[in-house]
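Below: the structure, in C-alpha cells.
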Amino acid sequence: MLGKTGILVSTVLSISVSTLLAAGCTDSGDRETVERATASLSTAPLDPLAPPEPFVLASDGVTKLNLEEAGILRRGGKHWARVLGKALFWDQQTGSDGNACASCHFHGGADIRLTNQLNPGFNDITRGPNGDATFGSTRSDTGTVLPGHVPSGAVAGPNYTLVPADLPMHRLSDETDRDSPLITTTNDRVGSQGAFNAVFDRVRRDGEEDVCGPADASIFHAGPLAARQVEPRHSPSFHNAVFNFRNFWDNRANNLFNGVGTFGMRDILGDPDKRLIVLEHGLPTLGYLKVENASLASQALSPPPNALEMSCNGRTFADVGHKLLSTTPLAEQHVSRSDSVLGPYVGPHGRGLSSGYDYAALVQKAFEPKYWALPGRYRIVDGQLVRDRSGYTQMEINFSMFWGLAIQEYEATTVSDRSEFDALQAAGRLVMTPSFVPVVPGIGGCTSPTRDVDPLLLRGCTIFSRVNPVPAPPPDGIRGGNCFICHNAQGGGVGRTRQPLLAEGAIQNGELFSLFLTVTDINGFNDLRDQGSANIGLRPVFSDLMSGRVDPYGNPLSFGRQYWNYLDGEAGAVLDPPLQRAIDALAVPTRVGVADPTPANTFRKLETDGSTKAPILRNVALTPPYFSWGGYPNLRQVLKVYNRGLNHRDITGAGSRDAHGSACATGDDSGSGPDGNQSWPVQGNDCNTNVTGVIVPLGLSDCDANGRPDAACTAHGQTVQNDDLAALERFLKSLTDRRVQCDQAPFDHPQLTIFDGEQVVSPPNPDGKAQDVTFTLPAVGAEGYPPSSGFCIPNAGDLFAPGMQARSGGERVPLGE
C-alpha cells in the first residue's frame, strides 16, 4: 500500500518505524495510528519465522510460480537441491586450495578466528583505486599508538594474532564523546582468511587442489612465504540470511537471481557472455533466470570464483563444475550418519557421500533436464554459443545456476526461532510493544503478564523497543535505545502472528518489501535511504563506501542512487525490477531542491554512501567481533559506541585531520556533500553528514564509562552488572537459539578443516606458500555436540571469552546443561 510519504510500504509497522518518525508523529491521528500498530505487535503466542519463497513471475506479470512450477526444479527436486547445497557449502574440494563456503561460516554461521584475520583497508578509496596495503594505526592524537602498530603496542601486519588489548580498534580519550582526541584509529578491518594469491591454471580431478602459479607474498605473508589473503569485511552469519531482501554488507547480492552472477539484471545487461545453455524443443539456446526472493543464490555465486576468498585468480564457475562433477562429494571429510540432510547418503566408510550420489547425479535429481542433458562441449563467446572440443559441457557451464539455487535451498533451512526471547513470547510471559512516540504514557516497552521474567532482560527489552526521548525521559525513567527502528520486525502489521526478525531489511513469506525510507536528518531535511541499509557513522564514509559502491558495470548498488539518476533523466538508470515496479506504481518519493521545504513525501539528500545492511540480531552473542568492520570485540563495547552516537567526527575547519584529505570545512567524516551525492574528493567546503537521523547520543547509564561509574549509575545505586547497557546486553543474549550454540539440526554439519594462520617451514614449500596451521572440527549429526564436548559456543558476546575459540583449536569449555 502507499504510505503517508508516498513510499511503498508493506505494513502499518513500516510506516510507524520511519515514516511517522520522520513526520514528527505529533498529531493525535498519528498517535492513534501508532497505538493500533504497536498494539498489534503484542499478539502472543507468535508463529515461527517463515522464510520467503523464491518465485518466477509468469507471463502475465502477476502470478508467482515456485521453482518447480517454473520448470527449474524437477518435481520433488527441492529435497535433492538441499542435499546438493549442503554438500557444496561444506565441501573443501570446492576451493582452489581447500577453502569451502563453511571455512568462513563455521561458528554460529560466522567467523571468530584470531590469527591472520587483518586486512589493511582495501576498500579505503582515499588511499587510491586499490585502497590501502599498509597495516596498523593511521592516527593517534595522543601519541599513544605508533603508526603501523596495533593498540597493544605490537607491530601490525599479516598473519598477526589479535589479543584482547588490540580491540576496539578505534579508541577515544573519552569513550562517551565521539569527538574527543583519538588514542588510535585505523582503516584496517578484521575479515576472514581466504585463498592464496596465485594465478589459476587448471583444475584437477578427484578433489585435489587446483594447479595455480606461484603464490604472491607482497601483502599477505608469513616471513618470506605467502599467507592466505584476508577479506576486507567481517563475515556475517548465514543463519537466517534467507530473510534478507538483499545480502552482503553492501547489499550487492541482488534479490533477483539470474543463474550466472551476483548482480541480477545488471549482469545480463552488462555482459552478453553471462548466460545459461537451455534446451528448448530439443535445441540449445542461451538464456538466464529471473528468480526473485533469491538473494541468497545471488550471494552464493560470489565466493567460489573470487580471488580473495576461494579461488586462484582467473578460475570460472565452469571450471568449478568441471572439477566437482567428476568428484565424490565431501570425499575426505567425515559425515555423520545422523546428519539431518546428508545422513542417508553417507559413504560406506563414513567419509563423503556414496557412489550413487555424486554431484552430477544430485544435479540430475534436482533440476530439469533442459539445463543439463545436452551432449557435447561448448563455449559462450561474444554472446554466441560455440561448439568447442576443449570447452565445457552444458552441466559445467550451468554449474553456477545449480550451485546458487542449491545453496539457497540449504541455507533456507538454517532458521533460528527457538531462543529464550521466542520461548517467553510463545508462552505469553513476555510481551514486546515497540514504541515510536515514547512520551505517550502506556506505549512502548516490554512487560511480563506473568511477572516472572528476569527484570534485567525486561528492562533491556524495553530500552531496545523504545525510541530515545529528547530531551526528557518517559514517566518510568527508562530511556529508549532507538534499536527497534533499524532492527524491527519488518512485517506482519495489524494482526501479526509471526516472531520479529529484528532487521529492517528482511521479509517473511507473503510480505512485500518497502524499497525506501525517508528519515529526518540533524538539519531537519528528509534523507532518502534504502530500507534495511543505513549509514550509522561507524567509520569515515570513504574508508568503505558500502552501498554507495558500484557493480562491475559501473551501476550504483543502491536503489536510492538508481532512483536519483532516473530523476536526472539518465537512460537505463533503473536496473532492478522491484524499483521499476515501484516507479510504475508511483510508489516513490519526490525529490526537492536544496532550498525547498521537505514535506513527508519528499527527499532532499541521499543517505547511500557508507550505508550498510542492518543485520538480523538473532544469535548476536555467538558471533563476535562486531560490525562489518569487525573492530569491536564484545557486545558491551558495541553498546558504548551506540550510546555516544557512534564514531562520526565533526570537521571544524579547513585542513581538519578529520576531513581525510577533502576540501570540506564543515560537516562530519560520514558526509559526501550537501546532497549526499558527491564523489571523492568532495567538492566545495561542506561534507554535511550521511548519518541517519536516529543516530544520536542516547544518554543511557553506563556504569563503567571511562572506567568509573557515571552520575546516573551512582544516583540509582546501579552497578556494572545492573545498568542500562547491561540490561541491553542481557536482552541481546536472550536472542540466542540453543540449537545454534551446539550445532543441533538444522545446524549440524560435516567435518571441516579450519585454517588458523600460517607458519614458516624449512625448507620452504616450492609453491611459495607458508604452511597452514589447521584444526579439525568434528562432524556432528542432528543431535548436535554434547555440552560437555567444549564445542558448544558460549553465549558470551565476547570474542575473547573462555571457549569462544574452541572451534579453531582454542580452549574448550563445557557448556552448562
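The values are calculated or read from the model by the stated rules, or taken from the named source; none is laboratory data. In this text, all values refer to a predicted model and were calculated from it rather than measured experimentally. Glycine also receives a Cβ, built like all others from the backbone with ideal geometry; neighbour counts cover every protein chain displayed. Calculation scope for accessible area: heavy atoms of the full protein, side chains included, ligands and nucleic acids excluded. Shrake-Rupley method; radii C 1.70, N 1.55, O 1.52, S 1.80 Å.
Could you tell me the center-to-center distance, by alpha carbons, between the stretch 633-660 and the stretch 204-234 in angstrom?
Computed from Cα coordinates, the inter-centre distance equals 35 Å.
I'd like the antiparallel share, as a percent to the nearest 5, of DSSP beta bridges with both residues in the chain.
On the way: 55 of 64 bridges.
Antiparallel bridges make up about 85 percent of those DSSP assigns within the chain.
Based on DSSP H runs of at least 4 residues, each adding -39500 (n - 2.57), what is the mean residue ellipticity at 222 nm of the chain after dividing by all its residues, to the nearest 500 deg cm²/dmol?
Helix contribution divided over all residues of the chain: -4500 deg cm²/dmol.
Percent of accessible area on the chain owned by carbon and sulfur, 1.4 Å probe? If you can, show how the numbers build up before the last one.
Numbers: 15020 of 28450 Å².
Carbon and sulfur atoms account for 53 percent of the accessible area of the chain.
What ranking do 76-82, 109-115 get when scored by the average of other Cβ atoms within 10 Å per residue, highest first?
Values: 76-82: 19.0, 109-115: 23.6.
The peptides rank, most packed first, as 109-115, 76-82.
Could you please report the charge total around residue 478, scoring K, R as +1 and D, E as -1 over all other residues with beta-carbon less than 11 angstrom from its beta-carbon?
+1
Between residue 53 and residue 476, how high is the FRET efficiency from 1/(1 + (r/R0)^6) when r is the Cβ-Cβ distance and R₀ = 35 Å? Nearest 0.05.
0.25
Take the residue pairs 274/370; 86/274; 64/86; 78/323 and return only those whose Cα atoms are more than 22 Å apart.
86/274; 64/86; 78/323
Could I have the simple spin-label model distance between residue 66 and residue 447, label points 7 Å from Cα toward Cβ, reported in nm to one decimal?
A separation of 4.0 nm, rounded to one decimal place.
Per residue and in cubic angstrom, what volume does the convex hull of the Cα atoms of the chain have?
159
In whole Å, how far is the Cα centre of the stretch 388-418 from that of the stretch 755-799?
If you average the Cα positions of each part, the centres end up 26 Å apart.
Give me the accessible area per residue for the stretch 114-247, probe 1.4 Å, as a whole number in Å².
Accessible area per residue: 36 Å².
Report the net charge of residues surrounding residue 116, where surrounding means a beta-carbon distance below 12 angstrom and charges are Lys +1, Arg +1, Asp -1, Glu -1.
Surrounding charge for residue 116 is -3.
Sort 403, 564, 372 by heavy-atom solvent-accessible area, probe 1.4 angstrom, most to least.
Final ranking, largest accessible area leading: 372, 564, 403.
Calculate, in nm to one decimal, what residue 326 and residue 553 gain on full extension: separation in residues at 0.36 nm each, minus their alpha carbon distance. Walk me through the numbers on the way to the answer.
On the way: separation 227, 0.36 × 227 = 81.72 nm, distance 3.39 nm.
Difference between extended and current length: 78.3 nm.
Using 0.36 nm times the number of residues separating residue 390 and residue 585, minus their current alpha carbon distance, what extension gain do you get?
Result: 65.3 nm gained on full extension.
State, to one decimal in nm, how far the label point of residue 373 lies from the label point of residue 596, with both points 7 Å from Cα in the Cβ direction.
5.7
With +1 on the Cβ of every Lys and Arg and -1 on the Cβ of every Asp and Glu, and nothing else charged, how large is the dipole of the chain about its Cα centre, in debye rounded to the nearest 20?
That gives the chain a dipole magnitude of about 1040 debye.
What net charge is computed for the residues neighbouring residue 612, neighbours being all others with C-beta under 14 Å from the C-beta of residue 612, Lys and Arg scored +1, Asp and Glu -1?
Charge balance in the 14 Å sphere: +2.
Tell me the label-point distance for the pair residue 173, residue 201, using the 7 Å Cα-to-Cβ offset, in nm and rounded to one decimal.
For the pair residue 173/residue 201, the computed spacing is 5.8 nm.
Kindly state, to the nearest 0.05, the FRET efficiency for residue 567 paired with residue 269, given R0 = 25 Å and r defined as their beta-carbon distance.
Working: r = 20 Å, r/R0 = 0.81.
Efficiency at R0 = 25 Å is approximately 0.80.
By a straight-distance test (C-alpha under 13 Å), which aspartates and glutamates pair with residue 769 as possible cross-link partners, with residues fewer than eight away in the same chain excluded?
97, 216, 758
Separation of the stretch 46-68 and the stretch 299-333 by C-alpha centroid, Å?
Taking the Cα centre of the stretch 299-333 as reference, the centre of the stretch 46-68 is 29 Å away.
Identify all lysines with a Cα-Cα distance to residue 613 below 18 Å; exclude those on the same chain that are fewer than 8 residues away in sequence.
Of all the lysines, none pass the test against residue 613 - Cα under 18 Å, at least 8 places apart if same chain.
Working with all protein chains in place, sort 660, 107 by solvent-accessible area computed with a 1.4 Å probe, largest first.
660, 107
Angle check, please: helix 724-733 long axis (alpha carbons) against the longest principal axis of the chain (alpha carbons), in degrees 0 to 90, nearest 10.
Taking Cα atoms only, the helix is inclined about 30 degrees.
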